[in-house]
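Right, one structure below, let's go through it.
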Amino acid sequence: MPTKVHEFTWPDRVVVGTIGAPGSRTFYLQVRAGTQIVSIALEKQQSAQLAEKIDEILDQLITLEGNPFSIPSSTPIELVDNDQLEPVEEQFRTGALTLGWDPSTVQLVIEAYPITEIDTEDDDDPVDGSIGAEGVEVSEMLLVRMPVGTARAFAKRTREIVDAGRPTCPLCGEPVDIDGHTCTLPNA
């Protein structure tokens with residue numbers, strides 16, 4: 001079966017947002033172009049790493065000798081997006097993410113693949129499907145290309161969303177729930 005690719009080349013909106021209360025939030029990467037909206041579930045750590053790696057790539061491009069690209073060092077104010085997620089219909093839960101740079105379009109490229117179960121008994125080669133980041137045939141994937149300003153705004157918002165969770169205990173660093181916290185450090 002061919003892989004269904006949810007492709008966004010110049011999205012109108014690309015954000016990470018959450019549904020739920022701190023401690024039980026579900027993170028979503030949501031992309032919209034016109035009336036097409038795709039929402040995929042992410043882990044909090046995947047969201048944080050994605051933002052970190054986007055900023056790393058953009059910062060490296062700024063320092064590149066002879067860089068022909070105009071890369072913003074901070075988020076362009078006109079690209080700040082603090083709106084809530086649009087209605088969420090989860091397409092899939094993300095298992096693997098890849099991040100790349102396309103100099104021909106001056107865009108960052110995100111590929112997201114669903115969680116897959118590796119069937120060790122099935123040695124058949126995929127015929128019409130796509131091979132995901134883990135080398136397993138996938139039925140669908142998300143492909144997002146975003147300009148550098150949008151990418152910088154995406155990373156900033158994602159960091160803010162990740163940091164908006166439960167506060168951490170100053171002693172042990174573990175999250176503090178609304179109903180309290182038992183510190184894991186002895187004698188604390």
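Determine which member of the set R166, R145, R152 is part of a helix (DSSP H, G or I) and under 30 Å from R13 (Cβ atoms).
Details: R166 fails: part of a helix (DSSP H, G or I); R145 fails: part of a helix (DSSP H, G or I).
Residue meeting the stated conditions: R152.
For the stretch 18-40, give me each residue that is closer than 23 Å to I178 by Cβ and either hydroxyl-bearing (S, T, Y) or in contact with a Ser or Thr (Cβ under 9 Å, 6 or more places away or on another chain) (or both).
T18, I19, G20, S24, R25, T26, F27, Y28
Taking into account only those residues within the stretch 144-181 that are farther than 27 Å from S74 by Cβ and modelled with pLDDT of 80 or more, which is surrounded by the most Cβ atoms within 10 Å (Cβ to Cβ)? Before the answer, list the steps.
First pass over the stretch 144-181, keeping only residues farther than 27 Å from S74 by Cβ: 166, 169-181.
Among the residues that remain, those that are also modelled with pLDDT of 80 or more are: 169-172.
Details: C169: 16, P170: 8, L171: 12, C172: 14.
Ranking the qualifying residues of the stretch 144-181, first place goes to C169.
Answer yes or no: is there a residue in the stretch 9-18 that is surrounded by 13 or more Cβ atoms within 10 Å (Cβ to Cβ) and among the aromatic types (F, W, Y).
Checking the stretch 9-18: not a single residue is surrounded by 13 or more Cβ atoms within 10 Å (Cβ to Cβ) and among the aromatic types (F, W, Y).
Six or more apart or on different chains, Cβ under 7 Å: which pairs go from a residue in the stretch 23-49 that's free of Cβ contacts under 8 Å to residues at least 24 places away in the same chain to one that's surrounded by fewer than 18 Cβ atoms within 10 Å (Cβ to Cβ) and assigned to a strand (DSSP E or B)? Could you list them?
T26/I19
It is to be established whether one or more residues within the stretch 119-138 are at pLDDT 90 or above and surrounded by 17 or more Cβ atoms within 10 Å (Cβ to Cβ).
For the stretch 119-138, residues at pLDDT 90 or above and surrounded by 17 or more Cβ atoms within 10 Å (Cβ to Cβ): absent.
Filter the stretch 73-100 down to the residues that are outside any loop (DSSP other than H, G, I, E, B) and out of contact with any Ser or Thr (no Cβ under 9 Å at 6 or more places or on another chain), then identify the one that is surrounded by the most Cβ atoms within 10 Å (Cβ to Cβ).
T94
Quick one: in the stretch 50-72, of everything that is touching a residue at least 40 places away in the same chain (Cβ under 8 Å) and outside any helix (DSSP H, G or I), which residue is surrounded by the fewest Cβ atoms within 10 Å (Cβ to Cβ)?
S70
The values are calculated or read from the model by the stated rules, or taken from the named source; none is laboratory data. As the structure is a prediction and not an experimental result, all values here were calculated from the model. We place every Cβ from the backbone using ideal geometry, glycine too, and count neighbours over all the protein chains shown.
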